[in-house]
Amino acid sequence: MIQITEKEFAMLTEYIHSEYGIELKKEKQLLLMGRLHKLLVELGFDSFTDYYHYLISDKTGEASSVLIDKVSTNHTFFMREPEHFEFFKNTVLPYLKKKKEAENNRDIRLWCAASSTGEEPYTLAMIMAEFFGTEAHLWDKKLLATDISNKVLDTAKKGIYEKDRVQVLPPNWKLKYFQSYDSNHMMIVDAIKNEVIYRRFNLMTPTFVFKKKFDVIFCRNVMIYFDQATKDRLVEKMYNYMEPGGYLFIGHAESLNLKQTNFKFIMPAVYRKPC
C-alpha cells in the first residue's frame, strides 16, 4: 500500500476543497489513501506527491474528473426522503400549474443539482407525467439533472436499474415507465428518459450561466460535504437563479443558515424564495 503523508493529504484535500467544495477532515486520511491507491498503481506512481503534480499539471480535466469519481459518495435510491416527493406532487405542482396558466406560460423549469445515478430526476419526471396526465404534451417540463461525476452520469443516462431497486415504486409506475432489460434489470422508457437532460456541472463554478431561472431546485445530500462558507455561497447562487415563489429541496441531514439567506423555511429540508 502506497502511504500518504500528512503533507500529501493536506495538498490533496486543499485541491479537492478548492475545485469541488468537498471538505475532507483529518479522519478521512485513510479513506482517501484507500480510494486512490489502485489509481496510483495503475498510473505508475510511487507516491501521492507524484500523483498530485500529475493532477495539477493535467490541462485536459480528465485527471480531475477521475479524482472526483473516486472521492465522491453517490448513494441514492428511488423515493429517497419520500415526503419531499409528496410535497412536490401535492403542493408544488398545483401551485406551479396555476401560476403558469395565469401567466399563459407552460414552461416549468426544474434542476436536480446532484443527480447521481438518476433515481431522483427520473422520479420527478414520473411524478410530473402522472400529475399532468393527458395534458403532459402541452407542457415544457424538461428537467436539468447535473452532477460532478461522469461515472454516475453515464449510469443515469442509461436508465437501467436492478429490479430490487425499482420495487419501492408504485406498481402502475413500473408498468408504465419501465421495460424489461434482462432477467435482473429494468430500464426507464424513452418517454421519461427524454424528459431529463443530463450535464456535468461543478457547483463550485463561480458564476452560474443558466439562461432562465428555475421554479424548483433539488440539491439534496451534497451540502453535507461542504464547510459553512461554501454552503452559504452555493445557497446564494441558487437563490439568485430561482424564480420568486420557487422551492428549494435539500437533504434532511442539511439545513440553511437563515441568517445568511432570504429563503424561508417551509418544512424540514424544504425552503421557498418569497414571491
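Worth pointing out:
- Looking at region 231-275, the strands (runs of 3 or more DSSP E) lying wholly inside it that each contain 1 or more residues that are surrounded by fewer than 14 Cβ atoms within 10 Å (Cβ to Cβ), at pLDDT 95 or above and of a type outside the set (Asp, Glu) sit at 242-250, 264-267.
- Among the residues of region 18-58, those that are closer than 17 Å to ASP69 by Cβ and either touching a Gly at 6+ places or on another chain (Cβ under 7 Å) or in contact (Cβ under 8 Å) with a residue 60 or more places away in the chain (or both) comprise GLU19, TYR20, GLY21, ILE22.
- Counted residues, region 204-245 - those being in contact with a helix residue (DSSP H, G or I) (Cβ under 7 Å, 6 or more places away or on another chain), farther than 13 Å from CYS112 by Cα and of a type in the set (D, E, K, R): 1
- Qualifying residue in region 128-147 (condition: under 23 Å from LYS211 (Cα atoms) and among the β-branched types (Val, Ile, Thr)): yes
- Within region 107-118, considering residues that are at pLDDT below 95 and on the phi < 0 side of the Ramachandran plot, the one surrounded by the most Cβ atoms within 10 Å (Cβ to Cβ): SER115
- Any hit, region 55-78, residues being surrounded by 15 or more Cβ atoms within 10 Å (Cβ to Cβ), more than 24 Å from the chain's Cα centre (by Cα) and in a helix (DSSP H, G or I): yes
- Taking the conditions (1) touching a helix residue (DSSP H, G or I) at 6+ places or on another chain (Cβ under 7 Å); (2) in a helix (DSSP H, G or I); (3) under 30 Å from TYR122 (Cα atoms); (4) of a type outside the set (D, E, K, R) in turn, LEU39 satisfies each one other than (3).
- Residue among ASN184, ASN172, ASN90, ASN104 that is in contact with a Lys or Arg (Cβ under 9 Å, 6 or more places away or on another chain), assigned by TED's automatic domain parsing to the domain that holds GLY245 and surrounded by fewer than 18 Cβ atoms within 10 Å (Cβ to Cβ): ASN184
- Residue match in region 196-204 (condition: surrounded by 17 or more Cβ atoms within 10 Å (Cβ to Cβ), in a strand (DSSP E or B) and β-branched (Val, Ile, Thr)): yes
- Within region 207-230, being among the polar types (S, T, N, Q) and surrounded by fewer than 16 Cβ atoms within 10 Å (Cβ to Cβ) holds for THR207, GLN228.
- Taken together, the criteria exclude ASN221 from residues that are within 22 Å of MET79 (Cα to Cα) and either free of Cβ contacts under 8 Å to residues at least 12 places away in the same chain or outside the structural domain of PRO268 (by TED's automatic domain parsing) (or both).
- Some residue of region 213-221 being on the phi > 0 side of the Ramachandran plot and not in a strand (DSSP E or B): yes
- Pair list, Cβ under 7 Å, 6 or more apart: region 128-148 residue at pLDDT 95 or above, other residue among the polar types (S, T, N, Q) and crowded, with 16+ Cβ neighbours inside 10 Å: ALA145/SER115; THR146/SER115
- Across region 42-54, the number of residues qualifying as surrounded by fewer than 12 Cβ atoms within 10 Å (Cβ to Cβ) and either under 28 Å from the mean Cα position of the chain (by Cα) or not in a helix (DSSP H, G or I) (or both) comes to 2.
The values are calculated or read from the model by the stated rules, or taken from the named source; none is laboratory data. Note that the coordinates shown come from a computational prediction; the quantities given were computed from them, not determined experimentally. Note that we place each Cβ from the backbone using ideal geometry, even for glycine, and neighbour counts take in every protein chain shown.
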